[in-house]
Amino acid sequence: MPQRWISSGPRSFVLSAYIRIISLCSLLCFISGAPPPGTGNIVGVRANMLAAEIAYEKKDFSSSLSYWLTAAGIQKNSYLNPVCYFNAASCSEELNNDSDAATYYEMAANSKEFLLATRAMFNLARVKESLGDNAGAAEVYKNLVEGHPYDTWANLAQSRLIALKADGFIE
């Protein structure tokens with residue numbers, strides 16, 4: 001009978017922690033952003049992304065943010081950059097750093113290839129609202145509604161515009 005690697009209870013927690021530690025140790029040579037010769041930069045990007053996910057799962061948002069930003073910096077024009085910036089923004093929000101979150105959401109939203117660009121735009125506007133920049137938030141909401149009228153995030157943006165007007169924050 002085959003042995004099960006993952007089970008429920010305390011044993012699975014220990015095994016899961018062990019797997020995370022082994023995974024991080026295996027990634028160390030790639031995380032620096034300078035992978036061993038012949039492995040290519042994408043290996044460093046993916047290693048940092050994996051390390052970021054592990055850190056985020058452990059609620060170590062500061063380390064996760066660092067890994068996401070390192071991954072984004074390894075290959076400047078990679079299709080993965082908007083994903084890295086979007087997740088860096090999420091980490092920044094968890095760290096109560098909304099100004100950095102706004103910057104990273106904007107970087108993600110400005111990517112034409114990013115499939116979650118409308119979500120990033122909505123999050124950018126939401127964070128601007130939390131910073132008290134209601135006019136800036138309204139501008140992003142309007143751009144979202146006008147640029148993507150049939151998107152679900154545009155519908156939410158329209159409702160936020162109505163609420164901002166009703167509360168007297170914008171005209």
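The table below gives the values:
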{"quantity": "Qualifying residue in region 106-113 (condition: closer than 19 Å to residue 46 by Cα and not hydroxyl-bearing (Ser, Thr, Tyr))", "calculated": "yes"}
{"quantity": "From the options 171, 139, residue that is of a type in the set (Asp, Glu) and not in a helix (DSSP H, G or I)", "calculated": "171"}
{"quantity": "Hey, residue 167 over 19 Å from the mean Cα position of the chain (by Cα), over 19 Å from residue 65 (Cα atoms) and open to solvent by 70 Å² or more (accessible area, probe 1.4 Å) or not", "calculated": "yes"}
{"quantity": "Any hit, region 57-68, residues being among the aliphatic types (A, V, I, L, M), touching a residue at least 12 places away in the same chain (Cβ under 8 Å) and surrounded by fewer than 24 Cβ atoms within 10 Å (Cβ to Cβ)", "calculated": "no"}
{"quantity": "Filter result for the condition that a residue is more than 23 Å from residue 131 (Cα to Cα), of a type in the set (Gly, Ala, Ser), at pLDDT below 85 and open to solvent by less than 70 Å² (accessible area, probe 1.4 Å), over 32, 12", "calculated": "12"}
{"quantity": "Breaking point among (1) out of contact with any helix residue (DSSP H, G or I) (no Cβ under 7 Å at 6 or more places or on another chain); (2) farther than 21 Å from residue 82 by Cβ, for residue 152", "calculated": "(2)"}
{"quantity": "Qualifying residue in region 99-120 (condition: among the polar types (S, T, N, Q), without any contact (Cβ under 8 Å) to a residue 24 or more places away in the chain, over 25 Å from residue 150 (Cα atoms) and assigned to a helix (DSSP H, G or I))", "calculated": "yes"}
{"quantity": "Selected residue [at pLDDT 95 or above and more than 27 Å from residue 96 (Cβ to Cβ)] from 145, 127, 140", "calculated": "145"}
{"quantity": "Members of region 56-82 that are among the aliphatic types (A, V, I, L, M), assigned to a helix (DSSP H, G or I) and more than 12 Å from residue 94 (Cβ to Cβ)", "calculated": "69, 71, 72, 74"}
{"quantity": "Count - residues of region 124-148 that are at positive phi and buried (at least 16 other Cβ atoms within 10 Å of the Cβ)", "calculated": "0"}
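For (1) surrounded by fewer than 20 Cβ atoms within 10 Å (Cβ to Cβ); (2) modelled with pLDDT of 95 or more; (3) out of contact with any strand residue (DSSP E or B) (no Cβ under 9 Å at 6 or more places or on another chain), each residue gets a yes or a no:
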{"site": "8", "(1), (2), (3)": "yes, no, yes"}
{"site": "20", "(1), (2), (3)": "yes, no, yes"}
{"site": "46", "(1), (2), (3)": "yes, no, yes"}
{"site": "71", "(1), (2), (3)": "no, no, yes"}
{"site": "108", "(1), (2), (3)": "no, yes, yes"}
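The values are calculated or read from the model by the stated rules, or taken from the named source; none is laboratory data. Nothing here was measured: the structure is a model prediction, and the numbers come from that model. A quick note on method: Cβ atoms are made from the backbone with ideal geometry, for glycine too, and the neighbour counts reach across all protein chains shown. Calculation scope for accessible area: heavy atoms of the full protein, side chains included, ligands and nucleic acids excluded. Shrake-Rupley method; radii C 1.70, N 1.55, O 1.52, S 1.80 Å.
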